[in-house]
Amino acid sequence: MSQRFPVVFLLVLALAAGVLLSSGAAAVGTAEIGFDHDGAALDINDGLAVTPAGGSITVSVVTELPPDGLGAWMLDIFYDPAVFSIGPGDCTAYGGTGLALCNPAFAPNVIRVVGAAAAGNFGTFNLADMTFQAIGAPGECSSLNVGSGGGFLFTDPTSPTPVDLGVVLSNGRLCIQGTNGEVGIDHDLAPPDINPGPVNLAVGDVIKLGLITDTPSPNLGAWNIDVHYDPSVLLPLGCDPLPLGAGGALSVCNAFFSVVEVRSVGSAGAGITGVINLANFEFQAVGPAGSCSPLEIDIETFADNASTEYNPLITDGEVCVTAASADVTGDGTISGVDISAIVKARFATYDPMFDLNGDEVVDKEDMLIAIQQMKEFRQNGFGTEPPTPGD
Ligand SMILES: [Ca+2]
Ligand SMILES: [Ca+2]
Ligand SMILES: [Ca+2]
Ligand SMILES: [Ca+2]
């Protein structure tokens, strides 16, 4: 791959020459270049991607293109080689309709990505995936800067004289997970503690989950923490922040920060210490029985009262959805009366009460779930955790 690198490099330079000839022409559109820190759907997002010490992490360099598209590109990514390293095979560039290459060893702290596509690339386009190895100490971070120092080119596919695209750059950030402080989810409410999930929740039921921190040393002075969930499984209903003035803290929470995340933000001028319940978030299970949603903690700020940032140990949470109780009559037993009611409900207007598995239809599957629950009820009653229909 390294032998082919100069060929594309020359191609890109040739296109660059065209741009230089047309210097003075107005930019034909504005592109964004930034980082996808969280994988999954390709996008540019703020962040912080975090890996444990000694681990590796992959981020993507992504561009959002104007309608004219992208014809040629060359950009350098600057990182801190004392904190993260990247090996020869650890960067993959994407050419789309053209060709692209990545040289992760362009300089000791520079990754160069080049490409050209005569037919253009459009929309949200992934320029490269980069996998970094954490070689620094816990809590250390490296910014990822899209630099213009080494050479920068971003043009539309106009031939023979490509035109520069205006570019808005967003930097990325990689951190090595620290050991100072902890953030996690309390799946079982008071007393506040970080405990592993998942917690099981019946279709339609509501739960409160705590966002907990064991503060860093010397204290926690400011935080901004998002918890990402799967909106096809969980519906946020609200949240309770840390009570006003607890430990001198001011805090707010937002259960509707975006369609996939809830947020807790706060500050304490004097710093707070100990195990703190930063917020409780209330969710309803809306996903079908058998589905699960992660509760993925994303730290934007976690600092002491002198504004020193820490990277805490993070324990994500999880909620899994189970079938609702077949006691649709609410009399505390599961019997043939409940089964008959579900059978009748198949032919009536949809009522979620009878949709035990939450797949938005009342059918044979709900009936089979009810029959199974009736068998279990006859053997064991409701056990220690009676389902609570109708709440
Ligand atoms: Ca993403
Ligand atoms: Ca607890
Ligand atoms: Ca019943
Ligand atoms: Ca159903």
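Readers should treat all values here as calculations from the given coordinates under stated rules, not as data from a laboratory. Predicted model, so just to flag it, every value in this text is computed and none were measured. When we count neighbours, we look across all protein chains shown, and the Cβ atoms used for this are built from the backbone with ideal geometry, even at glycine.
Multiplying the residue separation of ALA190 and GLN379 by 0.36 nm and removing their Cα-Cα distance gives an extension gain of 64.8 nm. For segment 137-217, the gyration tensor built on C-alpha atoms gives an oblate shape. Its axis ratio a/c (a ≥ b ≥ c) is at least 1.5, and a/b is not larger than b/c.
A full extension of the chain between LYS344 and CYS292 corresponds to an added length of 15.7 nm, given 0.36 nm per residue minus the alpha carbon distance. Annotation for GLN284 and SER307: the two label points, set 7 Å from Cα along the Cα-Cβ direction, are 4.3 nm apart. List residues of segment 259-276, by number, whose backbone nitrogen lies under 15 Å from a label position 7 Å along Cα→C-beta of LEU250. Zone members listed by number: 265-271. Angle between the Cα long axis of helix 364-380 and the longest principal axis of the chain, 0 to 90 degrees, nearest 10? Once rounded, one gets 50 degrees. Here the chain is assigned +1 on the Cβ of each Lys and Arg and -1 on the Cβ of each Asp and Glu. Its dipole about the Cα centre then comes out at about 980 debye. Label separation (VAL259 vs GLU300): 1.9 nm, computed from points 7 Å beyond Cα along the C-beta direction. Dividing the radius of gyration of the alpha carbons in the chain by their Kirkwood radius gives 1.10 for Rg/Rh.
Gap in Å between the Cα centre of segment 279-322 and the Cα centre of segment 54-133? Distance between centres, Cα-based: 30 Å. Modelled spin labels at ASN171 and SER159, positioned 7 Å past Cα toward Cβ, are 3.9 nm from each other. If the cut-off is a Cα-Cα distance under 21 Å, which lysines reach LYS375, setting aside same-chain residues fewer than 8 apart in sequence? Of all the lysines, those that pass the test against LYS375 - Cα under 21 Å, at least 8 places apart if same chain - are LYS344, LYS364. Test of understanding: extend the Cα→C-beta vector of LYS364 to 7 Å, then name every residue of segment 337-351 with backbone N under 19 Å from that spot. Residues passing the 19 Å test: 339-348.
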